Every structure is written in C-alpha cells, then in structure tokens.
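Read through the structure below, which is laid out as structure tokens, and then see the notes.
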Amino acid sequence: MNLTVRKKIFLYMGLLVVIIGISHSVTNQIYMNYVFDQFRKEEISAGYLNATPSEQIEVLKKYVTDRMKWIGPGKGVFILVIGLFFSLWISGVLSLPLRKLMAAIERVANGDLDVNVPVQTKDEYGKVIETFNDMTLRLREAEDARRRLIADVAHELRTPLSIIQLKLENAHQTGQNVPPETLLRLYDEVIRLSLLVEDLHVLSLAEAGRLNLDRKPLNLTKRLEQIVDDVNMEAEENGLIVHLYSKAGDVTVTADARRITQVFINLLTNAIRYTPKGGNISVVIENEVMDRDRLYVSVSIIDSGIGIPEEELPHLFDRFYRVEKARSRHSGGTGLGLSITHQFVRAHHGFIHVKSQLHKGTTFTVYLPI
Ligand SMILES: Nc1ncnc2c1ncn2[C@@H]1O[C@H](COP(=O)(O)OP(=O)(O)OP(=O)(O)O)[C@@H](O)[C@H]1O
Ligand SMILES: [Mg+2]
C-alpha cells in the first residue's frame, strides 16, 4: 500500500483512538461482571433477601458505587500503558526512514560522498531519500569533474612550462646568447600558455553564467562570409576550400558578434583540422527552423573529414576532450574549443547538434534563437 506519511499518521492516530475506545468498554464490561459476581457472593444473605426492594436497591447502589471508586484510576493506568506502548511503536515506525537518512547526511557532512540510502517506501520519505541520493550522485560527479579538471590543467601547463624551463636552463648553463629561433620557440610556448589560461578563464565565466554579452543585431550572413574568407587562407594551406550557402538571404540575429565569431571559427578550424586534403567543407545557413515551438536560425558546418565514433559524441563538449588525443596535441589542439563553443551558444539561448559518420564526415549545426 502506497500511503503518504500524512495518511499514515492519520491512520495510526485513528487506530490508537479505536484501541483506547475498545479497551475502555472491554475493561468496563469485565469489571462490572466481576463486581456483580462479588456482590452475589458477599452481600446476598438472608438479611438482604428479607429487606424491602428499595432497601435492596440502596445496598446494591452503595456496593457498586464503592467498588466503582477503584476502576477509574486502575483503568486510566491500563489505558495509559496501552496508549504509550502503541505511540512508542508508531513513532519508531514513522521515524525509521528519517533516522537512516540522518545517518547518511552525517556521513556526507563528514566528506564521504559514497552513500546511497535504499528507498523502501513510496511516501514523502521515499521521495526525500530519492532526492538525497540524486544529490549525492551529483556531488560525486562534480567532485570527479573537479579532480579531472585540476589534473588536466596541470597536465596542459606542464608541457609548455617544461619546454620553457629547459631552454632557459640550457641558455643559462652554456652562458651563450639565446639564438633568435630559441627565443621564438619560447615566445610560442608563452603565447600557448596565455591562450590556455584565457580559454579557461572565459570557460569558467561562461559556466558560472557570468559571461558578459554585448548583444546587438548582427547580420549573420555577412559575418559568416567574412569568417569563411578568413579561414579559407588556412584551409587552402591544407588543400581545402570552404563554401558558404545561404538558403535565406540575409539573416539577422541578436548576438554578441565577437563570441559568435569565435563559435564559428572554432567549428571551422576543427573542420579544417580534421578533414584530409581534397575534402569538402561547407557552411549552410537556414532561417526560421522550428524546434519545440521556437524559431531558430541554423548554421551547419559540414565536413567530409575523419568523423567521430558514435561513443565519443556524448563527451565531445567536455573540457579537454579529444577523440584522437596524440594526434590533436600534435596539431596544437587543447580540447577546449568545443566546450567554449558550447558555452557561448548556450549563453545565447541556442544549442548545437552533432551528426557524424566515421571516415565519412561530421556536421555541427548551431541553432540561434531569432
Ligand atoms: N569536425 C570534426 N571532425 C572530427 N573530429 C572532430 C571534429 N571537431 C572536433 N572533433 C574532435 O573533437 C575533439 C574536441 O574538439 P575541440 O575543438 O574541443 O578540441 P581541439 O580541436 O582538439 O582543440 P582546441 O579547439 O582547443 O584547439 C577534437 O580533439 C577532435 O578529436
Ligand atoms: Mg578545436
């Protein structure tokens, strides 16, 4: 039976009243029988039988009244004991889930997040316990993410820092002037470090919902034409050309031009980076795309590149996530690009869809509300 705690309390209290009522009338009955039996034994004698009826009634009345003096307190004690016993039992039953939860809460308060309280009832307590279990699961996940993040940041900082340190130590030990190419290498590593720190800063702001957006009407078609022009330089070096198709003429959205530009540059750089020579990359703009009763502008970046295995898709927007780790690090990626892209689009109340087929290509579609 799935009763709420309120109904259980009501039921138990009702039961208590019934039990007290029944014990009251049963004890009355038993005691009265006993009193009349005693009367028969003790009072009915020849004298009594010879008395007038009104005298007999007086004697009976006096006898019963005398005896009744005792039943009040005696029955009171009896009912009190039954009532207390029953209340003790009810309070135990009703507070058991709470006591289990308290023990678990104390463990969490002491830093042990590995707790799970079994849900045994479907009442309010069951729901509270379920929510508590969800909460500790979230806390565990957040704690894991925090640990991973620190490990990743440390790992990413270590490589450029050790290169810089090694080169400087070398220059210091040999006592020679640092050649320009070494300086250039050092400078590259410093730039890499500051980009990484900047990316992490922006990402933490966006995740906390504290990203300042300078939202103005933006001609998305024009902006994408410029972006495609800019990235085509890099694409050509890789033997690729990026084409832009607009199915809707000029499309305007209210957005922060700088952040939106960053979104498409990140997606296009990925498309170029992960598409071999001779492949195709296109950008397709569509206006008034409907999703769950809202109208969006959609921009798809379609490449015919290496693709992404299906099992990797759910992690794609995680910080520092790379599908082919060695390869990406070699080509300079840190795995922050898509996390930043995702956060920027989210800050504009939009979303991103990914479709991919291994060795065939990938399509990222950005939806921005109109
Ligand atoms: N168009 C694509 N085709 C195939 N794989 C992709 C594509 N876009 C992203 N990926 C995969 O997703 C991973 C994460 O992409 P993301 O942009 O976050 O990082 P990155 O490009 O490696 O580094 P960063 O953008 O920070 O310089 C990449 O390492 C790559 O494995
Ligand atoms: Mg990238």
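Each reported figure results from applying straightforward, stated rules to the coordinates on display, with no laboratory input. What you see is a predicted model, and the numbers here were worked out from it, not measured in a lab.
A few points about this structure:
- Debye intensity ratio in log₁₀ form over the Cα atoms of segment 249-294, taken at each q of 0.14, 0.25, 0.31 Å⁻¹: -0.52, -1.04, -1.13
- Theoretical gain in end-to-end length, residue 225 to residue 121 [0.36 nm per residue, Cα-Cα removed]: 31.4 nm
- Value in Å of the Kirkwood radius, where segment 5-112 supplies the Cα pairs that are averaged: 18.2
- Calculated on C-alpha atoms, the gyration radius of segment 1-57 divided by its Kirkwood radius gives an Rg/Rh of 1.46.
- Within a straight-line Cα-Cα reach of under 18 Å, residue 122 can be paired with the following aspartates and glutamates, leaving aside sequence neighbours fewer than 8 residues apart in one chain: 130, 134.
- Full extension of the segment from residue 252 to residue 110, taken as 0.36 nm per residue of separation minus the current Cα-Cα distance, would add 45.8 nm.
- Computed log₁₀ I(q)/I(0) - Debye formula, equal Cα scatterers, no solvent, the chain, q 0.15 Å⁻¹: -1.29
- Across the cross-link table entries 7/69; 75/127; 167/277; 222/355, which are compared at the Cα atoms, the separations over 31 Å belong to 7/69; 75/127; 167/277.
- Across segment 280-294, rounded Karplus estimates of 3J(HN,Hα) from the backbone phi angles (6.51 cos²θ - 1.76 cosθ + 1.60, θ = phi - 60°) give 10, 10, 10, 10, 10, 9, 10, 9, 6, 8, 8, 9, 6, 6, 10 Hz, Gly and Pro being marked x.
- Per-residue ³J(HN,Hα) for segment 41-51, Karplus 6.51 cos²θ - 1.76 cosθ + 1.60, θ = phi - 60°, Hz, x for Gly and Pro: 5, 8, 9, 7, 10, 4, x, 5, 5, 7, 6
- Overall form of segment 215-369 per C-alpha gyration tensor (a/c, 1.5; a/b vs b/c): prolate
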